[in-house]
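These notes are about the structure you will find just below.
The values are calculated or read from the model by the stated rules, or taken from the named source; none is laboratory data. Bear in mind the structure is a predicted one, so any value in this text is a computation, not a measurement. Because the Cβ atoms are built from the backbone with ideal geometry, glycine has one as well, and the counts that use them run over all protein chains shown. Heavy atoms of the whole protein, side chains included, go into the accessibility calculation; ligands, DNA and RNA do not. Shrake-Rupley method; radii C 1.70, N 1.55, O 1.52, S 1.80 Å.
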Amino acid sequence: MSKKISVLLWIAAFVCTIAIVFYQRMTGPTHPLKASEMFEGSEVSYKFLRSFTSLQNFPVKVKTGDSVNSAFLKYRRYKSSDEWSEFEMKKEAGEFSGFLPGEPTAGKLEYSVKLVSGEKELILNKGNTVVVRFKDEVPSIFLLTHIIFMILSFFFAIRTGFEALRKNGNYLWMVNWTLGIVIIGGLILGPIVQKYAFGDLWTGFPFGYDLTDNKTLFAFIFWLAAFLLKKKSRWWVVTASIMMIVVYLIPHSALGSELDYETGKMKNKFSHRIVQEYKIT
C-alpha cells in the first residue's frame, strides 16, 4: 500500500510539473504573442515574437485574406525619445512581411501592425504595441541543460513536499537531491546562460532587481533552510515546497535585463561592454 501511494505521489508531482511548465511557457514578457482577429470578413492570424537574437534583422509576419489591401509596420526603440518610424509591408501569397533593425544586447523595440482595406483600418493586438527584447545566442548545451534542471527542481520540490506531508515519510534524501538540483540549475547553469545572453553572470540582489535571478536566490535560501533544519521539523520542507510553487508562478524574464537608451547602460547591472559599443550619442 505504501509503495502504491509513493507511485501516485510521483505521478501527482509529474502532473503538477507539466502544469507549471505550461504556465511558464504561456506567460512572461518574452513568450510569442499568437492570436487571430477578423477584419473585413477575413481571418487575420499572427505570431509576434517578443525575443530575438541581437543585431539581426527582426521578422514580422501577418497572414491575411485577399480583402486586405495593405499593411504598415510601425516601430521605435522602447522607452526612448525616438520618433515613430513606419513603412509598408510586402505581400506575398496572402502574407504580409517586414523586417525591423536588430538591436544590441538587452535592447528593445516596440512595434505594431496596421491593416488597411479601403477606408477601413485595424491595428492588430487590440491597438496595443508589442515589445521585443534582443539577446545574444546561448549555446544549446547550456540552455537545454539549464531548462531540464529547472524543471527537475520543481518536480523534486513538489514530490519532496508531498513526502514530508506523509506520516513517517522518507523525505530526507529528497531534500538533498532538490537542493543539489536547484544549485546546479539555478546558481550554476542559470548565470552561465545569463552571461551568454546578456553579458552578466548575475543581475539579481544585490546588483539589481531581475526577478528571474532573485526568485532563484529565494528558492535556494528556502531549500538551504530545509536542508539544514530537515531533521528538526518536516514543516521547513513543506514551506520550501510551497515557496517553490510561489517562485514558479512568477513569469519568467519579468523585470529582466534592459538597455537604457538614454544612458547606454544596461538596467539591473552596469555592463562595460554595452556602454562601450552601443552608448547613444
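The table below gives the values:
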{"quantity": "Computed magnitude of the charge dipole of the chain (debye, nearest 20; Cβ of K, R +1, Cβ of D, E -1)", "calculated": "1620 debye"}
{"quantity": "Convex hull of Cα atoms in region 92-137, direction-averaged projection (nm²)", "calculated": "4.6 nm²"}
{"quantity": "Dimensions (Å) - region 1-45, Cα atoms, principal axes, largest first", "calculated": "62, 24, 7"}
{"quantity": "Cα gyration tensor shape for region 19-76, rounded if a/c is under 1.5, else prolate or oblate", "calculated": "oblate"}
{"quantity": "Within the chain, helix-based [θ] at 222 nm, where runs of 4 or more DSSP H residues each add -39,500 (n - 2.57), nearest 500", "calculated": "-13000 deg cm²/dmol"}
{"quantity": "Prolate/oblate/rounded label for region 151-225 (Cα gyration tensor, a/c 1.5)", "calculated": "prolate"}
{"quantity": "Spread of Cα-to-Cα distances over 10 Å intervals beginning at zero, given as percent, for region 35-167", "calculated": "11, 32, 23, 17, 11, 5, 1, 0"}
{"quantity": "Mean projected area (nm²) of the alpha-carbon convex hull when region 206-245 is viewed from all directions", "calculated": "2.9 nm²"}
{"quantity": "Environment charge at Trp177 (Cβ cut-off 15 Å; Lys +1, Arg +1, Asp -1, Glu -1)", "calculated": "+1"}
{"quantity": "Integer Hz, Karplus 6.51/-1.76/1.60 couplings in order for region 39-51, x for Gly and Pro", "calculated": "8, 6, x, 10, 7, 10, 10, 7, 9, 8, 6, 10, 8"}
{"quantity": "Where labels lie 7 Å past Cα in the beta-carbon direction, separation of Val246 and Ile5 in nm", "calculated": "2.8 nm"}
{"quantity": "Degrees between helix 211-229 axis and first principal axis of the chain (Cα, 0 to 90, nearest 10)", "calculated": "0 degrees"}
{"quantity": "Relative contact order computed over region 15-154 (Cα-Cα under 8 Å; 6+ residues apart), in percent", "calculated": "24 percent"}
{"quantity": "Surface share of carbon and sulfur [accessible, 1.4 angstrom probe, percent] for region 1-46", "calculated": "69 percent"}
{"quantity": "Percent of beta bridges antiparallel (DSSP, the chain, rounded to nearest 5)", "calculated": "95 percent"}
{"quantity": "Extension gain, Asp66 back to Ser80 (0.36 nm per residue minus Cα-Cα distance, nm)", "calculated": "1.4 nm"}
{"quantity": "Kirkwood-type radius of the chain, with distances r between different C-alpha atoms, in Å", "calculated": "21.2 Å"}
{"quantity": "Projected-area mean, region 1-102, by convex hull of Cα positions, square nanometres", "calculated": "10.9 nm²"}
{"quantity": "Local electrostatic count, Ala19, Cβ distance below 15 Å [Lys/Arg +1, Asp/Glu -1]", "calculated": "+2"}
{"quantity": "Residue-span extension gain [Lys167 to Ala35] - 0.36 nm each, minus C-alpha spacing", "calculated": "42.7 nm"}
{"quantity": "Cα pair distances in region 122-281, grouped into 10 Å bins until the bin that holds the longest one, percent each", "calculated": "11, 33, 27, 18, 8, 2, 0"}
{"quantity": "Residue-span extension gain [Glu262 to Val116] - 0.36 nm each, minus C-alpha spacing", "calculated": "49.1 nm"}
{"quantity": "Summed side-chain charge close to Leu115 - residues other than Leu115 whose Cβ falls under 15 Å, Lys, Arg +1, Asp, Glu -1", "calculated": "-1"}
{"quantity": "Förster radius 30 Å - calculated FRET efficiency between Lys232 and Tyr196, Cβ distance, rounded to 0.05", "calculated": "0.15"}
{"quantity": "Per DSSP, loop chymotrypsin sites (Phe, Trp or Tyr not before Pro) in region 11-71 with at most 16 further Cβ within 10 Å", "calculated": "none"}
{"quantity": "Beta bridges per DSSP with both ends in region 1-143, % antiparallel, nearest 5", "calculated": "95 percent"}
{"quantity": "Candidate lysines for bridging to Lys135, where Cα separation is under 23 Å - those fewer than 8 sequence places away on the same chain excluded", "calculated": "Lys34, Lys47, Lys61, Lys74, Lys79, Lys108, Lys195, Lys215, Lys265, Lys267, Lys269, Lys279"}
